[in-house]
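Working notes, beginning with the structure itself.
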Amino acid sequence: MLWIATVVSNVGSWMSDVGINWSMLTLSADPLDIALVQAASSLPMFLFALPSGVMADIVDRRKYLLFSQLWVFIAAAGLTVLSFTGHVTPTVLLVATFLLSVGAAMSSPPFQAVVPDLVSKPELGAAVALNSLGVNISRAIGPALGGFLLSLAGPWMVFALNALSVVGVAWVLWRWRPAPSVQRLPPEHFFSAVRSGIRYVHAAPVLRNVLVRTVAFFVFGSAGWALLPLVARRELGLGPAGYGVMLACIGLGAIAGAILLPRLRQRLNADRLMVAASLVFALTMLALAFVRHVWLLNLFEFFTGFAWIAVLSTLNLGAQRSAARWVKARALAVYLTVFFGSMTTGSAIWGQIASQFGTPTSLVVATLGMVLASATVFRWKLEKDPDLNLDLSGQPLDGVEIELPNERGPVLVSHEYIIDPQNAKAFLEAVHELRRVRRRAGAMSWAVYEDIERPGLFIETFLMGSWIEHLRQQERHTMNDLLLQSRVLAFHQGTTSPAIRYLVAPV
């Protein structure tokens, strides 16, 4: 039910996007204004996705999603009234686009974060593809329906239907009762949750690779979306119905891509699929720059949708698999922030170039940039650590049972290892892998030292902000963390487990 309601809501969103873009084309002749619609749509994700992800990790996700749907309904209803009464200006359109996108920024991280809770781990790839399929089914239906309604009744009708489409999602969320989660510790404070999310991303190499590849594609790929309305209206002379058909072709290509992706993934790994899709998308941008036969260009736009869904699904799956459950919404919010930040920046750049040098020139430069950016595959691979298991272990690495006020801190934790000097080099390589484990789970700093008077005695230290942060760290360890710790402990030669000390700043 949630998937169906989301598809219906996305149909309304795509109709609204067509109405906004076409209204801006009617009100302004400046290519920069047209590109700013895309920028106003992407900027809220850049600004608010991370705070939204933090909120989704520390409050009731269902209630937070309901609030986001209420926000979108109010913004869409307000735009409907202004359009019906004839008070829409370019500024009003940009503000309305921004407010609608704020609602999307609030809902996207929690919606993506609940996917792993609804399906098993082996089904995650299929679930991500199904979500993408739903988005692109709506992409195929929404623009064509929106173009038809624009011709029939005007923009206010598509804005009104967008507002009504939100009601279905709100109703399903109201009836949804997720399984209750047991929390032994009090929830994090907002700013400490932001810091822990950022530390996690910094210490997660797989997720960092996903973010680099996201920037490399979407800064240049944004040109295809930002300049598409200009080509449709100015270069091809299409009306709203023709523009809707062009967007529907993109949606149909994305549907075809979502259906074929499972077979493609059996033959190509994530990096090869990403490069192939990037090159196909670059070719379609080149076609957008020079092809002026409507149906031939629509054929190229079909492959635009195909390539787009391949890239989006691959990066989304990479972000999902590289984030532990406790920080899932925050990690996905960082991914969305980078995604939409790249789209916002790129849209503004390509719109400015189009204003100064023409739309074809802007698209050609973006195409060349995308081809060159595909070389990032050699340095930042999506297939890094393919066996990564970030399921929570349920086992604390330290087994601490000390009673201490939650707010006491900072806390310096030390682990003492007795190592055969001949194995010191291999031990140091293994223990440095624990650095990311400690940092991902909340450590502010990490270091390892050797006792100069007792060769072979190594002390690993890490600093936590408070005692409760250390307790949270114990709950955040994953199966992969346990594996890394077991490799370190294999070098320990003491008769007992490594000695652990907790040093707390005096009151």
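The values are calculated or read from the model by the stated rules, or taken from the named source; none is laboratory data. Since the structure is predicted, the reported quantities are computational estimates derived from the model, not experimental observations. Every residue, glycine among them, receives a Cβ derived from its backbone with ideal geometry; neighbour counts consider all protein chains shown. All accessible areas refer to the heavy atoms of the entire protein, side chains included, with ligands and DNA or RNA removed. Shrake-Rupley method; radii C 1.70, N 1.55, O 1.52, S 1.80 Å.
For Ser414, are the conditions met, namely being part of a strand (DSSP E or B), at pLDDT 85 or above and of a type in the set (Gly, Ala, Ser)? Write out each step before concluding.
Working: part of a strand (DSSP E or B): yes; at pLDDT 85 or above: yes; of a type in the set (Gly, Ala, Ser): yes.
Taking the combined requirement at face value, the residue satisfies it.
Looking only at the stretch 433-482, count every residue that is more than 17 Å from Glu416 (Cβ to Cβ), of a type in the set (Lys, Arg) and not in a helix (DSSP H, G or I) and tell me the total.
Selection size over the stretch 433-482: 1.
Kindly check whether there is at least one residue in the stretch 173-181 that is more than 20 Å from Leu312 (Cα to Cα), surrounded by fewer than 24 Cβ atoms within 10 Å (Cβ to Cβ) and modelled with pLDDT of 80 or more.
There is at least one residue in the stretch 173-181 that is more than 20 Å from Leu312 (Cα to Cα), surrounded by fewer than 24 Cβ atoms within 10 Å (Cβ to Cβ) and modelled with pLDDT of 80 or more.
Residue by residue, here is whether (1) touching a Ser or Thr at 6+ places or on another chain (Cβ under 9 Å); (2) in contact (Cβ under 8 Å) with a residue 60 or more places away in the chain holds:
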| position | (1), (2) |
| --- | --- |
| Ala254 | yes, yes |
| Gln266 | no, no |
| Ala270 | yes, yes |
| Leu273 | yes, no |
| Ala276 | no, no |
| Thr284 | yes, yes |
| Ala287 | yes, no |
| Thr304 | yes, yes |
| Arg325 | yes, yes |
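Take Ala75 and tell me if it is in a helix (DSSP H, G or I), open to solvent by less than 30 Å² (accessible area, probe 1.4 Å), modelled with pLDDT of 80 or more and over 23 Å from Ser342 (Cβ atoms).
Numbers: in a helix (DSSP H, G or I): yes; open to solvent by less than 30 Å² (accessible area, probe 1.4 Å): yes; modelled with pLDDT of 80 or more: yes; over 23 Å from Ser342 (Cβ atoms): yes.
So Ala75 passes the test.
Considering only the stretch 462-480, I want to know if a residue exists there that is free of Cβ contacts under 8 Å to residues at least 24 places away in the same chain, out of contact with any Lys or Arg (no Cβ under 7 Å at 6 or more places or on another chain) and farther than 22 Å from Arg195 by Cβ. It would help to see each step written out before you state the result.
Here is the first cut: in the stretch 462-480, the residues free of Cβ contacts under 8 Å to residues at least 24 places away in the same chain are none.
So far as the stretch 462-480 goes, no, none of its residues is free of Cβ contacts under 8 Å to residues at least 24 places away in the same chain, out of contact with any Lys or Arg (no Cβ under 7 Å at 6 or more places or on another chain) and farther than 22 Å from Arg195 by Cβ.
Here's a check for you: in the stretch 1-57, which residue that is polar (S, T, N, Q) and closer than 18 Å to Pro90 by Cα is most open to solvent (accessible area, probe 1.4 Å)? Steps first, please.
Within the stretch 1-57, the first condition is being polar (S, T, N, Q), and the residues that meet it are 6, 9-10, 13, 16, 21, 23, 26, 28, 38, 41-42, 52.
So of that shortlist, the ones also closer than 18 Å to Pro90 by Cα come out as 16, 21, 23, 26, 28, 38, 41-42.
Details: Ser16: 4, Asn21: 27, Ser23: 16, Thr26: 93, Ser28: 17, Gln38: 42, Ser41: 40, Ser42: 1 Å².
Per the criteria, the residue is Thr26.
Just give me the residues in the stretch 91-102 being surrounded by fewer than 17 Cβ atoms within 10 Å (Cβ to Cβ) and in contact (Cβ under 8 Å) with a residue 60 or more places away in the chain, in sequence order.
None; the set is empty.
Collect the residues in the stretch 80-119 that are part of a helix (DSSP H, G or I), among the β-branched types (Val, Ile, Thr) and at pLDDT 85 or above, keeping them in residue-number order. Please lay out each step first, then the result.
Of the stretch 80-119, the ones part of a helix (DSSP H, G or I) are 80-84, 90-113, 115-118.
Subsequent filtering for residues that are among the β-branched types (Val, Ile, Thr) retains 80-81, 91-92, 95, 97, 102, 115.
If the condition is that a residue be part of a helix (DSSP H, G or I), among the β-branched types (Val, Ile, Thr) and at pLDDT 85 or above, then Thr80, Val81, Thr91, Val92, Val95, Thr97, Val102 are the ones that fit.
What residue, among those in the stretch 141-164 that are small (Gly, Ala, Ser) and in a helix (DSSP H, G or I), is most open to solvent (accessible area, probe 1.4 Å)? Step through it out loud before you land on a result.
Narrowing the stretch 141-164 to residues small (Gly, Ala, Ser): 142, 144, 146-147, 151, 153-154, 160, 163.
Pick out the ones that are also in a helix (DSSP H, G or I) and you get 142, 144, 146-147, 151, 153, 160, 163.
On the way: Gly142: 0, Ala144: 39, Gly146: 0, Gly147: 0, Ser151: 76, Ala153: 40, Ala160: 24, Ala163: 6 Å².
Per the criteria, the residue is Ser151.
State whether the residues of the stretch 471-486 include one that is within 26 Å of Leu404 (Cβ to Cβ), aliphatic (A, V, I, L, M) and under 30 Å from the mean Cα position of the chain (by Cα). Full working, then the answer.
Initial filter on the stretch 471-486 (within 26 Å of Leu404 (Cβ to Cβ)): 471-478, 481-482, 485.
Now narrow it down to the ones that are aliphatic (A, V, I, L, M): 471, 482.
From the residues that got through so far, the ones that are under 30 Å from the mean Cα position of the chain (by Cα) too are 471, 482.
Yes, the conditions are met somewhere in the stretch 471-486.
Between a first residue in the stretch 343-355 that is modelled with pLDDT of 85 or more and a second residue that is among the acidic types (Asp, Glu), which pairs have beta carbons less than 7 Å apart while being 6 or more apart in sequence or on different chains?
Qualifying pairs under 7 Å: Ser355/Asp30.
State whether one or more residues within the stretch 254-272 are out of contact with any Pro (no Cβ under 9 Å at 6 or more places or on another chain) and modelled with pLDDT of 90 or more.
Checked the stretch 254-272: at least one residue is out of contact with any Pro (no Cβ under 9 Å at 6 or more places or on another chain) and modelled with pLDDT of 90 or more.
Of the residues that make up the stretch 444-454, is at least one among the aliphatic types (A, V, I, L, M), on the phi < 0 side of the Ramachandran plot, surrounded by 21 or more Cβ atoms within 10 Å (Cβ to Cβ) and at pLDDT below 90? Reasoning before the result, please.
From the stretch 444-454, those among the aliphatic types (A, V, I, L, M) are 444, 447-448, 452; that's our starting set.
With on the phi < 0 side of the Ramachandran plot added as a condition, the list becomes 444, 447-448, 452.
With the extra rule that they be surrounded by 21 or more Cβ atoms within 10 Å (Cβ to Cβ), the set shrinks to none.
Checked against the condition, which is being among the aliphatic types (A, V, I, L, M), on the phi < 0 side of the Ramachandran plot, surrounded by 21 or more Cβ atoms within 10 Å (Cβ to Cβ) and at pLDDT below 90, the stretch 444-454 yields no hits at all.
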